[in-house]
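One structure is given below, encoded as structure tokens.
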Amino acid sequence: VDVFQAWCGPCKTVVDLFRKIRNEVGSDLLHFAVAEVDSIDALEKYRGKCEPVFLFYAGGELVAVVRGVNAPLLQKTILEQL
């Protein structure tokens, strides 16, 4: 989940990376979403920061968090969690 605030929008620089990985591993295993923290109370702790945050869930549980746009770390985390 790409967690963002309304004033800065979702992180567009990693969309190509996400598409590439999803094409490689298949759409059945991997799903991407965006969530605006200003409208979701459960994400309140991520408000007020300009750093992109990516949350990784498996089985409905938060399993990893990546802060900042670090393409190698995002790719590594995605592949490890799969």
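The values are calculated or read from the model by the stated rules, or taken from the named source; none is laboratory data. Since this is a predicted model, take the numbers as computed values, not measurements. Quick reminder, even Gly has a Cβ in these numbers, built from the backbone with ideal geometry, and neighbours come from all protein chains shown. What goes into the accessible areas is simple: the full protein's heavy atoms, side chains included, and nothing from ligands, DNA or RNA. Shrake-Rupley method; radii C 1.70, N 1.55, O 1.52, S 1.80 Å.
Data table
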quantity: Qualifying residues in the stretch 1-41 (those that are assigned to a loop (DSSP other than H, G, I, E, B) and of a type in the set (F, W, Y)) - the one farthest from A58 (Cα to Cα); calculated: W7
quantity: Residues (exposed (fewer than 13 other Cβ atoms within 10 Å of the Cβ) and under 23 Å from E80 (Cα atoms)) located in the stretch 4-14; calculated: K12, T13
quantity: Matching residues in the stretch 52-81 - criterion: being of a type in the set (A, V, I, L, M, F, W, C) and either free of Cβ contacts under 8 Å to residues at least 12 places away in the same chain or open to solvent by 90 Å² or more (accessible area, probe 1.4 Å) (or both); calculated: L62, L73
quantity: Unmet requirement for K49, which otherwise passes all of (1) under 13 Å from the mean Cα position of the chain (by Cα); (2) surrounded by 13 or more Cβ atoms within 10 Å (Cβ to Cβ); calculated: (1)
quantity: Residues of the stretch 16-46 classified as open to solvent by less than 50 Å² (accessible area, probe 1.4 Å), over 16 Å from L79 (Cα atoms) and of a type in the set (A, V, I, L, M), total; calculated: 3
quantity: Qualifying positions in the stretch 34-51 - free of Cβ contacts under 8 Å to residues at least 40 places away in the same chain and of a type in the set (A, V, I, L, M, F, W, C); calculated: V34, A35, V37, I40, A42
